[in-house]
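Rule-based calculations on the coordinates, nothing more; no lab input. Bear in mind the structure is a predicted one, so any value in this text is a computation, not a measurement. As a convention, Cβ positions derive from the backbone with ideal geometry for all residues, glycine included, and neighbour counts pool all protein chains shown.
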Amino acid sequence: MIGVIAALLAVPLAAGVVCFLVPAKVAAGITVASGVACFGLVLALVPEVAHGTVGYGSYLRADAVSGVFLLATAFLYAAVAVYAVGYLHGRGDKYSRRFYLGFNVFAWAMLAAPLMGSLALLWIAIEVTTVVSALLIAIEDTDGAAEASWKYVLIASAGLGLALLATIFAYYAGAQVLGVHSNLAIGPLLRAGGRLPAAPVRLAFLLAVLGYGTKVGLFPVHTWLPDAHSEAPTPVSALLSGALLATSFYAILRFYQVASAALGTGFPRDTLLAFGIASLLLASLYVFGQRDVKRLLAYSSVEHMGILAIGVSFGAPIALAGVMLHVLAHAAAKGSAFMGAGVFTVKYRTMQMTAMRGGLALLPWSGPLFLASIFALSAFPPSGVFRSEFQIVAGGLASGHYAAAAALVVLVTVAFFGLATSATSMLLTPAPGPAPLPAPSLAAPPGGRQVPDGGGRADQDGAGRADEDGARARGAVLTADAPVRAAPDLARGEPSAWMVVPVLAGVAVLVLLGVHPPADLADLITRAAAQLRGTP
Amino acid sequence: MSSPGVYVGAANVIAALMLLLEFGMLRQAVVRDQVRLYAAQSALISVLAVVIAADRDLPDLYALAALSALLKVGAVPLVLRRLLGSPISEQTPGVAGSYTISPASAVLAAIALAAFGFFSFGSLGIHDPEAPATALAIAGAMVFVAFALMIVRRDVASQAIGFFSLENAISLAALVVAAGLPLLLETAFLFDLLLAVVVFGMLIRAHHARAESLSTADLTKLRG
């Protein structure tokens, strides 16, 4: 199995380097191959880690908890790699090569994080995800992208500074028991358990929740998230939301394990419950005020990260199993929703939901799939999100957290109404008749948004690409409520089949997770939940 | 009460000097001079590493001190100067008047935060005889002043330097309570910092090219 781990660490990195050196079309093929290969490698790893821990020295380690997060990231890496082929169609060679370089290295860092056997290396992997993803957010070279990437890199890096401080205090705690040459290896820290000194472990956990929580998007350190998710290219938004947030949450879980072993479960669970409820409350309210489809989904991500934190705080076995399933289901649902939303932004050349009308009629595949993704995300049966949230609520009731479980149900329902209202308006409201093409205007009207998506893609008939590219090149502002430079082509049809297939796969996975998870996956989730409860 | 040993005394003095330099960065209007103050602060970190290496007989720390000096005193300021080009070499309007509150209020707020950090970290109960508690408390104060620097200055260069100095504060805390951390990991941390510096520099350069200023006053379009 060490070969599989080594391959997981080598393939995406090598793919990224090669992609920068070859033409864009070849880079697209290499990226898809790398994504599919990594997903295959993780699938090969799952049965092994579902029944034991795989490690190499104290620096590489894969257990069931790692396996869950690897699976979520690898699935999204493969799906989004396919989606990116359609998304980047018509983009320049230089842009595409830079994109694929960053995309693969970003995926590499996210795959590497759960494989790190030491809290120090875990921090380094998460920091690498930050610097790479900041460049990917900025790649569109718009005012919005520049602002979002700066806020992201500054806030996330400051948060990771606190996480580094947490790592230092974890080392101090470990050194008191394991000696000064301990290297923050996760296994020995967990085994040291109750012998670790309480004060530094408590401080380390608090700093880790605050620090890594910045990247997870927990309230009140979530402020970068809606900006970055909305301004990044859609494939990057999908990875940020479905994989990066979860990977950062994985880091919190490792500190949670150490803190629970050293302090007992009271303090860590109470801390996570407070952050989780606050995040869920904020997100479920903010979902209502959004006009930008990607910001809407970004706030939904804050909501789901809050649900994960609350689920862990419940502590019951069924709730922890629900959390592990939720990581997978959220990755599939949010990835599908972002990719579906990306098709809409390409079709309508705006991110404003008020301008997206008649989606069900205009996008025969993406319309229903986007609706299915939104309903799945809102925990409609038979999606995996329904199953996971049901388990979390059941765990809350079983562990006596009645008020928190009730709050969870109420706030998730509130968020559902926000998401469902927006999505159904986009899909079911009839499209307006063809609008006259107004005179060009580069001035940004109030509320105007530049569209990072959509540049260079055309509908099946090829109309509009030149206009759109030209508009982008001149920095045109495309808005929903104001005159636009290039009118959207509202002919019925999909922008690209490459952008439909991965969404279809995501929805299929959601149904599979909701109806009947495969036996190996069920074993993996059960073991991961047991590990979170303290079983080695 | 016994007087502190050479190591503890040196650690505390160096930590206090680092905190003073942190305030200098907060108050300094010219980016070039902020970078110099950062380099001086980084040099003090290397000196402290040498002191600890000698006191505790940790030869790895000599290598770490050299590497830290190479990267944080040499490479990082160099990379910043190269990436920022002309904006760093002059007092640009975007930097000189970049306070979100008045300079006096900023300094007073930073002093209050430093006191809060000092007493918070000082009350952690870390009573290891080898860990100078005062230096650790000063590291806590530096963390808060670094955050203040990122918040009260409204220009990308100061905010970036605030982050780099935050890393120096964490390095100080690490030297005090985690001096035995394996060299391999310390080295990885340092190269990770260098990577972050390059990315910060690229984004600053892109911002300057777009806005013709280092000011972040116009980065307010994304809300809600």
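How do the peptides A:357-365, A:166-174 rank, highest first, by the average count of neighbouring beta carbon atoms within 10 Å per residue?
On the way: A:357-365: 19.6, A:166-174: 28.9.
So the order, starting with the most tightly packed, is A:166-174, A:357-365.
Rounded, prolate or oblate: which fits the protein assembly as shown, taking a ≥ b ≥ c as square roots of the Cα gyration tensor eigenvalues, rounded meaning a/c under 1.5, else prolate when a/b beats b/c? Don't skip to the end; give the middle numbers.
Working: a/c = 1.80, a/b = 1.29, b/c = 1.39.
Here the protein assembly as shown falls in the oblate category.
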| Residue-averaged beta-carbon neighbours from other chains (10 angstrom radius) around B:180-191 | 5
| query | Based solely on its DSSP helices, what 222 nm [θ] is calculated for chain A when runs of n ≥ 4 H residues each add -39,500 (n - 2.57) and the sum is averaged over all residues, nearest 500 deg cm²/dmol? | reply | -23500 deg cm²/dmol
| field | Per-residue average of Cβ from other chains inside 10 Å of B:198-211 | value | 4
| request: Using Cα pairs closer than 8 Å and at least 6 residues apart in sequence, work out the relative contact order for the range A:1-117, in percent. | output: 41 percent
| query | Residue by residue through the range B:13-30, which ³J(HN,Hα) values in whole Hz follow from phi under the Karplus form 6.51 cos²θ - 1.76 cosθ + 1.60 (θ = phi - 60°), with glycine and proline marked x? | reply | 5, 5, 4, 5, 4, 5, 5, 4, 5, 4, 5, x, 5, 5, 8, 5, 8, 8
| request: Report, in degrees rounded to the nearest 10, the 0 to 90 angle that the Cα long axis of helix A:198-216 makes with the longest principal axis of chain A. | output: 10 degrees
| query | Taking each residue of A:285-295 in turn, how many C-beta atoms of other protein chains fall within 10 Å of its C-beta, and what is the average? | reply | 1
| Sorting B:150, A:351 on the 10 Å Cβ count, fewest up front, what's the list? | B:150, A:351
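Note down the relative contact order for the range A:143-281 as a percent, whole number, built from C-alpha pairs under 8 angstrom at least six residues apart. Each step should come with its number before you reach the end.
Details: 159 pairs, mean separation 42.4, N = 139.
Relative contact order for the range A:143-281 comes out at 31 percent.
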| When we measure straight from the Cα of residue A:151, which lysines land under 22 angstrom away, once same-chain ones fewer than 8 places off are left out? | A:215, A:294, B:221
| query | Dipole size in debye (nearest 20) for the protein assembly as shown around its Cα centre, Lys and Arg Cβ +1, Asp and Glu Cβ -1? | reply | 560 debye
| request: Excluding residues on the same chain fewer than 8 positions from residue A:25, give the lysines whose Cα lies under 26 Å from its Cα. | output: A:94, A:347
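If you average the sequence gap of Cα pairs under 8 Å that are 6 or more apart and divide by the length of chain A, what percent do you get for the contact order?
Working: 1054 pairs, mean separation 97.2, N = 536.
Relative contact order for chain A comes out at 18 percent.
Classify the range B:6-211 as rounded, prolate or oblate from the Cα gyration tensor: take a ≥ b ≥ c as the square roots of its eigenvalues, call it rounded if a/c is under 1.5, otherwise prolate when a/b beats b/c and oblate if not.
Numbers: a/c = 2.39, a/b = 1.39, b/c = 1.72.
Oblate is the answer for the range B:6-211, as a/c is 1.5 or above yet b/c matches or exceeds a/b.
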| On a 0 to 90 degree scale, rounded to 10, what angle separates helix A:2-21 from the longest Cα axis of chain A? | 30 degrees
